[in-house]
Amino acid sequence: MERKIKLKTLNSHITCKICRGYLIDATTVTECLHTFCKSCLVKHLDEKNTCPQCQIVIHQSHPLQYISFDRTMQDIVYKLVPDLQENEIKREREFYKSKGLPYPKDNLPNPGEVPDEKANADAHAESDYHRADEQVNVCLECINSSLKTLKRGFIRCSAQATITHLKKFIAKKVLNGMEKYRDIDILCNNELLGKDHTLKFVHVTRWRFRDPPLRLQYRPRIDL
């Protein structure tokens, strides 16, 4: 049976908490996974280094390096809100025209078209941070019987992802709640890893001359 849902019931999930409008160029804070319009978030981070929604410190000195374009969320918003994408493209074109500048998205597919990934790779490079990042293969192994073993211990993700991101991923899978990530320790070669270490840093400093994948272990947190 087909069930219709009013758009207003979803507004809290697809609107920016800064401007209160529908998300445009949806951009997610990788530390806490809250999403905002890109322009709103960048403007906010010019003056502060905290998430506008939960106030968590994104990074002490370089918060802009810890935000990423959220293609999935933006696609959802455009599919749910009638004419939003067409109207936004029109406004953008008028803005660039008023500045005497070429419209940078002319090489991107029109609404409803299936994108040619190879042809549009360069055009998406600046906004698609997840796919453009260097990737790393990771094997996550449980070393304590009090935690469940991941059904799929092998993942592939951005080398810029941090240990905190992995903790949240594991917590969601084995503790049934991403907010419980602080109850997990992650180690490499039996060495406890810092929460802000990126996978690139871990690979270079702990796994540089070893064969892939990068092998990490997880266990319940041990307070020292």
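The values are calculated or read from the model by the stated rules, or taken from the named source; none is laboratory data. Keep in mind the model is a prediction, meaning the values are calculated, not measured. Virtual Cβ from ideal backbone geometry, glycine too; neighbours counted across all protein chains shown. Quick note on the areas: whole protein, heavy atoms, side chains included, nothing else; ligands and nucleic acids left out. Shrake-Rupley method; radii C 1.70, N 1.55, O 1.52, S 1.80 Å.
Evaluation of Asp196 against the conditions (1) surrounded by fewer than 14 Cβ atoms within 10 Å (Cβ to Cβ); (2) within 22 Å of Arg152 (Cα to Cα) shows that the sole unmet condition is (2). Considering only the range 199-219, how many residues are assigned to a loop (DSSP other than H, G, I, E, B) and either in contact with an Asp or Glu (Cβ under 8 Å, 6 or more places away or on another chain) or surrounded by 17 or more Cβ atoms within 10 Å (Cβ to Cβ) (or both)? Within the range 199-219, residues that are assigned to a loop (DSSP other than H, G, I, E, B) and either in contact with an Asp or Glu (Cβ under 8 Å, 6 or more places away or on another chain) or surrounded by 17 or more Cβ atoms within 10 Å (Cβ to Cβ) (or both) number 2. Each residue in the range 51-79 was checked for being under 21 Å from Thr15 (Cβ atoms) and not basic (Lys, Arg), and 18 of them qualify. Of the residues making up the range 21-42, just one is open to solvent by 50 Å² or more (accessible area, probe 1.4 Å) and modelled with pLDDT of 95 or more, namely Tyr22.
Per-residue answers, yes or no, for (1) of a type in the set (Ser, Thr, Tyr); (2) within 18 Å of Glu134 (Cβ to Cβ); (3) at pLDDT 90 or above:
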site	(1), (2), (3)
Leu147	no, no, yes
Leu150	no, no, yes
Thr162	yes, yes, yes
His165	no, yes, yes
Ile170	no, no, yes
Met178	no, no, no
Val202	no, yes, yes
Asp223	no, no, no
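Regarding the range 85-100, can at least one residue be identified that is in contact (Cβ under 8 Å) with a residue 24 or more places away in the chain, under 30 Å from Phe169 (Cα atoms) and open to solvent by less than 40 Å² (accessible area, probe 1.4 Å)? No. Selection within the range 118-139: residues that are part of a strand (DSSP E or B) and either under 19 Å from Leu33 (Cβ atoms) or among the β-branched types (Val, Ile, Thr) (or both). The member of this set that is modelled with the highest pLDDT is Val138.
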